[in-house]
2 protein chains.
Amino acid sequence: MKQGDLNMASKTDQAFLQKQRTGHLATVDGQGRPVVVPFCFVYDGKAFYSPIDEKPKSVSPEKLRRTRNIRANPEVALVIDHYEEDWSRLQFVLIRGRARILHSGKEHARAVALLRKKYLQYRRMRIEDRPMLKIVPWRIFRWKAEK
Amino acid sequence: MKQGDLNMASKTDQAFLQKQRTGHLATVDGQGRPVVVPFCFVYDGKAFYSPIDEKPKSVSPEKLRRTRNIRANPEVALVIDHYEEDWSRLQFVLIRGRARILHSGKEHARAVALLRKKYLQYRRMRIEDRPMLKIVPWRIFRWKAEK
């Protein structure tokens, strides 16, 4: 097992984090109980960004709950991992950080552009009108199975 | 979007849950902050089971932390999802439940057998000697993208 505890992601970790298509985001509700959902994101080497869909008709209440949880408690965790049936190749990066919600502005616009570069799917979605989750890590932990 | 809020998983959900190879498990630490890690599991239609590796040499501190967190706060969440680039086919099942740790006995042995049936990998691992995480859902929520 190789592991490391980092403030910043190494170059290798950065490449891994930027490549993965989904992560899993955990928040905590008002009763101190966790919730976790899959999410799409970009990572610019400093922060993670993910658009929030707040339209109740098209989004699950669990995703709305995520926003509510973050407003009440900004502490989040996200994990980005690689699975395959050869368990000697398993790896994950766990990020613990603080989240906040961007509504507009330069940083919001930059995140929209990065998301559209990574995901073709976002090019035909109006994510520029949506709030954007920003997560700044206070800890980045990586784990790799022993070869 | 199709969604449902269930106490028990439907037959379709059960098939989906039993088939997926990994899930993501969120716990809450003593400071009320979430942690999330990927995990392998079996679901017998009532509870989820996952072996815990507690040997500090071969396991990440984050996985050990999971056990410590559960002892302090049994509330957990787990999500089992399907991702593909066609986002009209996305789906996930979010389970919120309570966890406890089994050390031995009939239920432990049954979980070991179920895990070895699902994962060839566990057949050559001594999971019979390891504690077993048992998660009993108090809520099962499923979400599917609109077609």
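Here is how the numbers come out for the structure above:
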quantity	calculated
Summed residue charge, Cβ within 9 Å of B:Ile101's Cβ, Lys/Arg positive, Asp/Glu negative	+3
Sequence-separation-based contact order of chain B, relative, with Cα cut under 8 Å and 6+ spacing, percent	34 percent
With 5 Å bins from 0: P(r) over the protein assembly as shown, alpha-carbon pairs, percent	1, 5, 12, 17, 19, 18, 14, 8, 4, 1, 0, 0
Within-13-Å neighbourhood charge of B:His82 [Cβ basis; K, R +1; D, E -1]	+1
Shielding of B:35-46 by partner chains, average beta-carbon count, 10 Å	4
Averaged over B:18-26, number of beta-carbon atoms from partner chains that fall within 10 Å	4
Exam field: A:Ser104 pseudo-label spacings to other copies (7 Å along Cα-Cβ), nanometres	6.6
Relative frequency of Cα-Cα separations exceeding 18 Å in the stretch B:29-147, percent	56 percent
Number of partner chain Cβ atoms within 10 Å, mean per residue of A:98-111	0
nm² value of the averaged projected area, convex hull over the Cα atoms of the stretch A:102-147	5.1 nm²
Using θ = phi - 60° and Karplus 6.51 cos²θ - 1.76 cosθ + 1.60, couplings along the stretch A:73-85 (whole Hz; Gly, Pro as x)	9, x, 6, 10, 9, 9, 10, 10, 9, 10, 10, 8, 5
Karplus (6.51, -1.76, 1.60) ³J(HN,Hα), θ = phi - 60°, over the stretch B:35-43, in Hz, Gly and Pro reported as x	9, 9, 9, x, 8, 9, 7, 10, 10
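No value in this document is a laboratory result; all are computed from the given coordinates. Because the structure is a prediction, the values reported are computed rather than measured. Backbone-built Cβ (ideal geometry, glycine too); neighbour counts: all protein chains shown.
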